[in-house]
Amino acid sequence: MPLSDFPRLPLAHLPTPLEPLPRLSAELGGPRLYVKRDDCTGLAFGGNKTRKLEFLMAAAQRDGADTVITAGGLQSNHVRQTAAAAARLGFACELVLSRNVEWSDAAYGESGNLQLDRLLDARLHLHPGGTDRAAEMDHLAERLRAEGRHPYIIPIGGSNATGSLGYAAAALELVAQCEELDLRLGALVHACSSGGTFAGLEAGLAKLDHPARLLAVDVNADPAAMQEDYLPLVRETAALLGLETIRPDGSCELVNGHAGEGYGLPTAAMKEAVQMVARLEGLLLDPVYSGKAMAGLIAMVRAGRFGKDDSVVFLHSGGTPALFAYPSVFASS
Ligand SMILES: *Cc1c(COP(=O)(O)O)cnc(C)c1O
């Protein structure tokens with residue numbers, strides 16, 4: 001089925017800009033680096049989940065829901081964007097949150113995304129680390145149904161095939177922008193966690209039969225996720241688009257070694273990347289996702305993975321509110 005036939009509610013400012021990064025490219029000695037500004041999707045500080053929510057909230061509306069339930073960590077960007085989408089569309093929003101990162105800054109449990117979730121009028125259900133959040137969402141849905149409400153569960157990260165359609169659409173949008181600028185897209189680099197962004201981009205590139213390499217930087221410290229979670233989701237998303245096959249092996253890759261000790265735990269290379277991009281381009285990344293993805297990109301450039309004249313696009317997936325949850329990391333330079 002063509003993408004335009006899926007129900008979709010407009011939530012994002014699209015197309016997001018595609019901008020060159022000339023000073024960063026010069027500092028690194030090539031390739032030609034560009035940034036796709038999905039931090040500028042517009043909804044409550046933006047980020048990549050808004051594209052997924054255009055399809056997921058439409059599915060909730062079709063289902064007759066009056067409430068959306070989703071889950072994440074205390075500093076989840078997905079949860080914040082879902083709360084904003086719900087507010088905007090007039091749904092109630094119930095959030096299952098768990099402390100999945102042991103980070104000692106007091107701001108981690110007060111500021112950043114968590115502060116915004118409260119402001120956006122979501123109801124928060126706080127759980128300790130290690131909670132089975134999917135099971136908790138099911139329990140909550142049962143309780144709400146017993147009260148006569150009609151809940152719709154959005155999975156963690158918005159990463160099912162429906163949500164991933166948002167990034168299939170983003171791949172088409174990006175390729176059209178590259179063509180307009182006469183830019184031959186050689187590689188696309190982004191942060192990968194729940195996998196919907198990756199699955200959508202890969203399915204979209206497959207739909208176009210485009211040769212760009214898709215380099216997904218693992219921020220979860222989970223190299224097994226490619227086979228277990230990400231590729232099955234690519235196939236499911238591609239199937240929704242009517243594709244029987246996906247691109248050949250080697251077209252996409254999970255880039256490991258940049259997550260440090262685990263999800264949400266800062267690394268020295270992340271700090272260097274966030275500071276370098278701020279200093280050279282006036283562009284703010286985040287400590288959990290785009291900072292680690294940029295650290296991965298910088299390491300690949302330094303290792304000679306790209307030609308000097310290659311065009312490489314970095315997808316800025318947002319997450320900047322989390323900068324305020326990690327004040328001690330950036331207190332000194
Ligand atoms: C969720 C998120 C990602 C990862 O996207 P997935 O689709 O979950 O893999 C990357 N960057 C930011 C800022 C995010 O919030």
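No value in this document is a laboratory result; all are computed from the given coordinates. Predicted model, so just to flag it, every value in this text is computed and none were measured. Here the Cβ is made from the backbone with ideal geometry for all residues, glycine too, and neighbour counts use every protein chain on show.
Among LYS36, LYS292, sorting on how many other beta-carbon atoms sit within 10 Å of each Cβ, with the fewest leading, yields LYS36, LYS292. Ranking THR50, ALA92, GLN75 by how far each Cα lies toward the positive end of the dipole of the stretch 37-115 (charges on Cβ) leaves THR50 at the top.
Taking every C-alpha pair closer than 8 Å and separated by at least 6 residues, the mean separation divided by the residue count of the stretch 201-333 gives a relative contact order of 24 percent. Exposure proxy shown here: for MET270, MET276, the number of other Cβ atoms within 10 Å sets the order, fewest to most, as MET276, MET270.
Each pair of Cα atoms in the stretch 1-56 enters the Kirkwood radius, and Stokes-Einstein at 20 °C and 1.002 mPa s then converts it into a translational diffusion coefficient of 164 µm²/s.
Taking the average, over residues, of other Cβ atoms within 10 Å as the packing measure, peptides 307-318, 162-173 rank 162-173, 307-318 from highest down. Across the stretch 160-273, the mean sequence separation of Cα contacts (distance under 8 Å, 6 or more residues apart), normalised by length, yields a relative contact order of 29 percent. If you put +1 on each Lys and Arg Cβ and -1 on each Asp and Glu Cβ, how big is the dipole of the stretch 261-333 around its Cα centre, in Debye rounded to 20? Charge dipole, the stretch 261-333, about its Cα centre: 120 debye, nearest 20. Remark on the stretch 74-152: Rg and Dmax equal 13.0, 40 Å (Cα only). A cut-off of 5 Å between modelled amide H atoms, ignoring neighbours fewer than 5 places along the same chain, links VAL35 with GLU19, LEU21, PHE314.
Note on the stretch 125-179: with charges restricted to the Cβ of Lys and Arg (+1) and Asp and Glu (-1), its dipole about the Cα centre is near 200 debye. Over the chain, the hull volume per residue, using the convex hull of the C-alpha atoms, is 124 Å³. Classify the stretch 9-126: rounded, prolate or oblate, from the alpha-carbon gyration tensor (a ≥ b ≥ c, eigenvalue square roots; a/c under 1.5 rounded; otherwise prolate if a/b is larger than b/c)? It comes out oblate by the Cα gyration axes.
Taking the centroid of alpha carbons for each part, the stretch 116-152 and the stretch 47-92 are 13 Å apart.
Can you sort MET294, MET1, MET137 from fewest to most other Cβ atoms within 10 Å of each residue's own Cβ?
With the fewest neighbours first, MET294, MET1, MET137 line up as MET1, MET137, MET294.
The value of relative contact order for the chain, using C-alpha pairs under 8 Å at least six residues apart, is 23 percent. Rounded to the nearest 20 debye, the dipole magnitude of the chain is 440 debye, with +1 charges on Lys and Arg beta carbons, -1 on Asp and Glu beta carbons, and the Cα centre as origin. Seen from ALA84, the other residues with C-beta closer than 14 Å to its C-beta sum to a net charge of +3, counting Lys and Arg as +1 and Asp and Glu as -1.
Over all directions, the projected convex hull of the C-alpha atoms in the stretch 115-252 averages 11.1 nm² in area.
Do the sum for the chain: with -39,500 (n - 2.57) for every DSSP H run of n ≥ 4, divided by all residues, what is the mean residue ellipticity at 222 nm, to the nearest 500 deg cm²/dmol?
Numbers: 10 runs with 126 residues, N = 333.
Helix contribution divided over all residues of the chain: -12000 deg cm²/dmol.
Placing unit charges on each Cβ (+1 for Lys and Arg, -1 for Asp and Glu) gives the chain a dipole about its Cα centre, and among HIS125, GLY148, CYS178 the Cα reaching farthest toward its positive end belongs to CYS178.
Of the peptides 52-65, 145-158, the order by per-residue mean of other Cβ atoms within 10 Å, starting with the highest, comes out as 52-65, 145-158. Would you please give the residues with an amide H less than 5 Å from that of LEU283, counting only those at least 5 places away or on a separate chain, with H modeled from the backbone geometry? For LEU283, the qualifying residues are ALA278. Placing unit charges on the Cβ atoms of the charged side chains and taking the dipole of the stretch 224-333 about its Cα centre, the candidate lying farthest along the positive direction among LEU315, GLY296, SER328 is SER328. Using bins of 10 Å that start at zero, the share of Cα-Cα pairs per bin across the stretch 185-333 amounts to 11, 41, 33, 13, 2, 0, in whole %.
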